[in-house]
Amino acid sequence: MINFNGNIQENSSISIENNRGFLFGDSVFETIKVLDNKVLFLEDHYFRLMASMRICRMEIPMNFTMEYFESQILNLVQSLNNANSYRVRFSVYRDSEGFYLPKSRNVQFLVTASPLSSDVYTFGKEHYEVDLYKDFYISKQLLSSLKTNNKMLQITGSIFAEENGYDNCLVLNDEKNVVEALQSNIFMKTGNVVLTPPISDGCLNGIMRKQVLEIVKKIEGIEVKEASISPFDLQKADELFLTNVISGIQPITKYRKKEYTTDFASEVLFRLNAKVCLS
């Protein structure tokens, strides 16, 4: 555990007495990929975390600069020094007495890391089947776009997917439009048009979503739109693929009786890896 004064408590137990992230889900976090001692998409992660903290009315310490954010991540990764790439979680939580109303807005943070088996982005699975998850719905509101500790929908959805033999599930908002997958943003290609749901529909404001949008907009002959996707649209699509910062891009190959190609997703993946190499 590291606090914003720079004090490191190694191998120490974390008190949950005032940890509002544990008690009430009063926490935001970033999931980050580090490759060859470089934090990928550093600015995007930092500014999203800062925006999330402001929206949640957390007190942002004066020393929480982007350089400080980067240094805390790299210090941990370099201390491990057993892989070229890592998955890092940077969690910020309010550490205060009080019930729903905290007595203090002060925050602490935790950084954890685990090695990744692959340095470059690759397709995780050749065959990838999904279905809709309809037990719970995402609300069309700003909080839905943040990475907070409230992930019960994603947890129960992941269990549902495993129990029914799916690789993932697509999540609907309260207007019954497809918003995202359980841990990824979604893109749909129909003809020369590529669609992804707008943030206003309740989807996560994903870092990889932003990178892929920038890449796809530069592909000649492709029209890019941020627009709502209905479940009926999925049956007419040529390709569906998912994006997140750890896996990169994962094509969907089957939704119910519909099967999809992966050619366009392969091109986007190639361009993504080129972008990472040149960054």
Taking D167, D119 and counting other beta carbon atoms within 10 angstrom, the fewest-first order is D119, D167
Going through K176/K236; K38/K210; K236/K275; K38/K225 one by one, the pairs whose alpha carbons sit over 26 Å apart turn out to be K236/K275; K38/K225
The alpha-carbon center of segment 99-167 and that of segment 204-273 are separated, in whole Å, by 19 Å
Given a Förster distance of 22 Å, the FRET efficiency implied by the Cβ-Cβ spacing of K217 and A274, rounded to the nearest 0.05, works out to 0.90
For K33, counting only aspartates and glutamates whose alpha-carbon sits under 18 Å away and dropping same-chain residues fewer than eight positions off, the answer is E43, D44, E67, E70, D119
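Would you mind giving the average projected area, over all directions, of the Cα convex hull of segment 129-278 in nm² with one decimal?
8.5 nm²
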The size of the Cβ-based charge dipole (Lys, Arg +1; Asp, Glu -1) of the chain about the Cα centre, to the nearest 20 debye, is 380 debye
Descending packing, highest mean Cβ count within 10 Å first, for 49-56, 99-106 is 49-56, 99-106
CD proxy, 222 nm, the chain: helix-only mean residue ellipticity via -39,500 (n - 2.57) per DSSP H run with n ≥ 4, per residue, nearest 500, stands at -8500 deg cm²/dmol
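Throughout, read-outs are computed from the coordinates displayed, never taken from laboratory work. A quick note: this is a predicted structure, and the numbers were derived from the prediction, not measured. Neighbour counts run over all protein chains shown; Cβ positions are idealised from the backbone, glycine included.
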